[in-house]
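Trainee: Let me give you the structure first, and then I'll get to my questions.
The values are calculated or read from the model by the stated rules, or taken from the named source; none is laboratory data. Remember, predicted model here, so these are calculated numbers, not experimental data. Virtual Cβ from ideal backbone geometry, glycine too; neighbours counted across all protein chains shown.
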Amino acid sequence: MKLSERAEEVLETLWGHAQGEKKGLLELGLDKGASEIEELTRLGYAKLANDKIALTDKGKAEGQKIVRRHRLAERLFTDVLDIKKKLVHPVSCQFEHLLQEGIEDNICILLGHPKTCPHGRPIPSGECCRKTNQAATKVISSLDNAAVNQKGRVAYIHTHDQKKLQKIMAMGVLPGMSISLIQKFPSYVFQVGHSQFAIDRELASAIYVLLTK
């Protein structure tokens, strides 16, 4: 049974306080008679003792998943979608409820298994991280971080400088185009289509590539 959004938010709060250790309801700003508290205890995610609440093992496991989804969403909105900082948290709160189980692993792989959210808080590892022993290759990488002879397709261009964007696009670097990195020193040389170009690191860091091999 899927938890309500409010119950998920309370579960996230409880997990964030010493990973579910017993806490006073008033200390957390919660009401003993609130429907979300009743929902969590009824479904076995939390247990009440007087005016204190603690997560069960089931609640700790689910709380960790919710926190992971939220912090990965923050990373996604900050690093890829460039959402303004003041909007990252509220937008991520909404987005985490939409993520189905398993999709967060796709986002984690996409972002290269980030260790912390934009606020510096640790992102709990997932199955995708454990399978690769914390050393997975990114699915998407900026061109300057790709390996020589790395091939792929242009995923997106990330720059706020219109002149740089126009310069990159004028070279034929557009989303979906095949691209390969030929060298990294003394300049970054890449091939797109049948043409080769040399650029500096600043431009190379603005080109994000969906790696193929």
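Trainee: Quick check on my filter: what residues within region 1-28 are in a loop (DSSP other than H, G, I, E, B) and at pLDDT below 70? Walk me through how you get there before you give the answer.
Mentor: First, the residues of region 1-28 that are in a loop (DSSP other than H, G, I, E, B): 1-4, 17, 21-22, 25-28.
Residues satisfying the conditions are MET1, GLU21, LYS22, LEU25, LEU26, GLU27, LEU28.
Trainee: Further, regarding this structure: Name the one entry in ARG75, ARG71 that is in the same structural domain as PRO114 (by TED's automatic domain parsing) and modelled with pLDDT of 85 or more.
Mentor: On the way: ARG75 fails: modelled with pLDDT of 85 or more.
After applying the criteria, what remains is ARG71.
Trainee: Ok, one more. Would a scan of region 109-125 turn up a residue that is closer than 30 Å to PHE190 by Cα, small (Gly, Ala, Ser) and either buried (at least 16 other Cβ atoms within 10 Å of the Cβ) or at pLDDT below 80 (or both)?
Mentor: Within region 109-125, one or more residues are closer than 30 Å to PHE190 by Cα, small (Gly, Ala, Ser) and either buried (at least 16 other Cβ atoms within 10 Å of the Cβ) or at pLDDT below 80 (or both).
Trainee: Sticking with this one: Out of ALA170, ALA146, which single residue is more than 17 Å from LEU110 (Cα to Cα) and of a type in the set (A, V, I, L, M, F, W, C)? Walk me through how you get there before you give the answer.
Mentor: Numbers: ALA146 fails: more than 17 Å from LEU110 (Cα to Cα).
Going through ALA170, ALA146 in turn, the sole match is ALA170.
Trainee: Which residues, counting only those in region 144-186, are modelled with pLDDT of 95 or more and assigned to a strand (DSSP E or B)?
Mentor: Answer for region 144-186, where residues must be modelled with pLDDT of 95 or more and assigned to a strand (DSSP E or B): ILE179, SER180, LEU181, ILE182, GLN183.
Trainee: Do the conditions hold for GLN166, that is, is it of a type in the set (S, T, N, Q) and over 18 Å from ALA147 (Cα atoms)? Can you show your working first?
Mentor: Values: of a type in the set (S, T, N, Q): yes; over 18 Å from ALA147 (Cα atoms): yes.
Criteria met by GLN166.
Trainee: Restricting to region 188-200, what's the tally of residues that are modelled with pLDDT under 95 and within 15 Å of SER141 (Cα to Cα)?
Mentor: 0
Okay, residues lined up against (1) touching a Ser or Thr at 6+ places or on another chain (Cβ under 7 Å); (2) aromatic (Phe, Trp, Tyr); (3) touching a residue at least 12 places away in the same chain (Cβ under 8 Å):
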position	(1), (2), (3)
HIS158	no, no, yes
GLN162	no, no, no
LEU174	no, no, yes
GLN183	no, no, yes
TYR188	no, yes, yes
ALA206	yes, no, yes
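Trainee: Looking at region 162-187, which of its residues are surrounded by 14 or more Cβ atoms within 10 Å (Cβ to Cβ), touching a Phe, Trp or Tyr at 6+ places or on another chain (Cβ under 9 Å) and more than 14 Å from SER141 (Cα to Cα)?
Mentor: Within region 162-187, MET171, GLY172, VAL173, ILE182 meet the criteria.
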